[in-house]
1. Looking at (1) within 26 Å of N259 (Cα to Cα); (2) of a type outside the set (V, I, T); (3) modelled with pLDDT of 85 or more, find the lone condition where E84 falls short.
2. Do any helices (runs of 4 or more DSSP H) lying entirely in the range 187-264 carry at least 3 residues that are surrounded by fewer than 19 Cβ atoms within 10 Å (Cβ to Cβ) and over 22 Å from the mean Cα position of the chain (by Cα), and which ones are they?
3. Is it the case that some residue within the range 23-37 is in contact with a Ser or Thr (Cβ under 6 Å, 6 or more places away or on another chain) and over 24 Å from T180 (Cβ atoms)?
4. Is it fair to say R48 is in contact with a Lys or Arg (Cβ under 9 Å, 6 or more places away or on another chain) and surrounded by fewer than 16 Cβ atoms within 10 Å (Cβ to Cβ)?
5. From L167, L152, L128, which residue is surrounded by 21 or more Cβ atoms within 10 Å (Cβ to Cβ), assigned to a helix (DSSP H, G or I) and at pLDDT 85 or above?
6. Does F118 satisfy the condition of being in a helix (DSSP H, G or I) and modelled with pLDDT under 85?
7. Do we have F50 as within 27 Å of A238 (Cα to Cα) and more than 17 Å from the chain's Cα centre (by Cα) here?
8. Looking at E114, is it of a type in the set (D, E) and either closer than 21 Å to L70 by Cβ or in contact (Cβ under 8 Å) with a residue 60 or more places away in the chain (or both)?
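The values are calculated or read from the model by the stated rules, or taken from the named source; none is laboratory data. What you are looking at is a predicted structure, and each value in this text was computed from that prediction instead of being measured. Cβ sites come from the backbone with ideal geometry, for glycine too, and all protein chains shown count toward neighbours.
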Amino acid sequence: MRPMFVFLSAKLFGKFEENTYRAASMIELLHTATLVHDDVIDEANFRRGFFSINALWKNKIAVLVGDFLLSRGLLLAVKHEEFELLKIMSTAVQDMSEGELLQIEKARKLDITEKVYFDIIRQKTATLIAACCASGANSVGQNKEVVERMRLFGEKAGIAFQIKDDLFDYTQSPLIGKPTGIDIREQKMTLPLIYTLNSVDKKLKNYIINIIKNHHKDDVKVAEVIALVKENGGLEYAKKAMHNYHNNAVEIINKFEDNQAKESLILLLDYVINRKK
């Protein structure tokens, strides 16, 4: 999906250039590197239904594989002296790292506010999709103002994407590459849960926090938290936020000239919030 954002963001302004392909390749290498590293951090044995690198060859090799992919991506830009592309990608890597560290810090205290949640997902997920759109526009020679508008478009799309991903944690489906309730088991505070904690009384809030702190490996307790989130409107609230970010992205892209690439970007946005996995 991410390379598609690169190509469509370039096609929006005309035709692909050779460095558009390099930008798309670089994005995919960086994204794959982050997935390999994420599985090490999360101690995850599966990635989309298959064994993860760390499950097959342990953490040391997984970290080195991730580092190798990251370096190959960065060298693509350096080799061809595409320093603006390198700047876009390096900024994205920095943001993703900061977002991951912020999430780890807040997970220990379980004190994530809605504002902090959006800061985390903007850095962890949305920044890479924003980089896709910015690099696509940059690859065909668009000015800094247009590149920034496309970056913002990608950021809004990325936030909507992550909220949708968080909603999967409350949905039982064989299509989803992770089991229901995994975010709760990993003590990750996502928007449905944050809203629920802010909307219930103090006694119930403390009860839910106690489960997340001390019983997050208990399947029965995790299922109870999922039920409480559903009962107290957490899913509906998150869906509304997701649609708001989707609409914001559409507003940004609608300011550009109508063409097939624009139509495809809007369809891709629709896929982001309607996907089944």
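1. Exception for E84: condition (1).
2. On the way: elements: 191-199, 202-214, 219-231, 234-253.
By residue number, 202-214, 219-231.
3. From the range 23-37, those in contact with a Ser or Thr (Cβ under 6 Å, 6 or more places away or on another chain) are 23; that's our starting set.
Remaining after also requiring over 24 Å from T180 (Cβ atoms): 23.
Yes, there is a match, as at least one residue in the range 23-37 is in contact with a Ser or Thr (Cβ under 6 Å, 6 or more places away or on another chain) and over 24 Å from T180 (Cβ atoms).
4. On the way: in contact with a Lys or Arg (Cβ under 9 Å, 6 or more places away or on another chain): yes; surrounded by fewer than 16 Cβ atoms within 10 Å (Cβ to Cβ): yes.
It is true that R48 is in contact with a Lys or Arg (Cβ under 9 Å, 6 or more places away or on another chain) and surrounded by fewer than 16 Cβ atoms within 10 Å (Cβ to Cβ).
5. Numbers: L167 fails: surrounded by 21 or more Cβ atoms within 10 Å (Cβ to Cβ); L152 fails: surrounded by 21 or more Cβ atoms within 10 Å (Cβ to Cβ).
Sole residue among the options that is surrounded by 21 or more Cβ atoms within 10 Å (Cβ to Cβ), assigned to a helix (DSSP H, G or I) and at pLDDT 85 or above: L128.
6. Details: in a helix (DSSP H, G or I): yes; modelled with pLDDT under 85: no.
So F118 fails the test.
7. Values: within 27 Å of A238 (Cα to Cα): no; more than 17 Å from the chain's Cα centre (by Cα): yes.
For F50, the condition - within 27 Å of A238 (Cα to Cα) and more than 17 Å from the chain's Cα centre (by Cα) - is not met.
8. Numbers: of a type in the set (D, E): yes; either closer than 21 Å to L70 by Cβ or in contact (Cβ under 8 Å) with a residue 60 or more places away in the chain (or both): yes.
It is true that E114 is of a type in the set (D, E) and either closer than 21 Å to L70 by Cβ or in contact (Cβ under 8 Å) with a residue 60 or more places away in the chain (or both).
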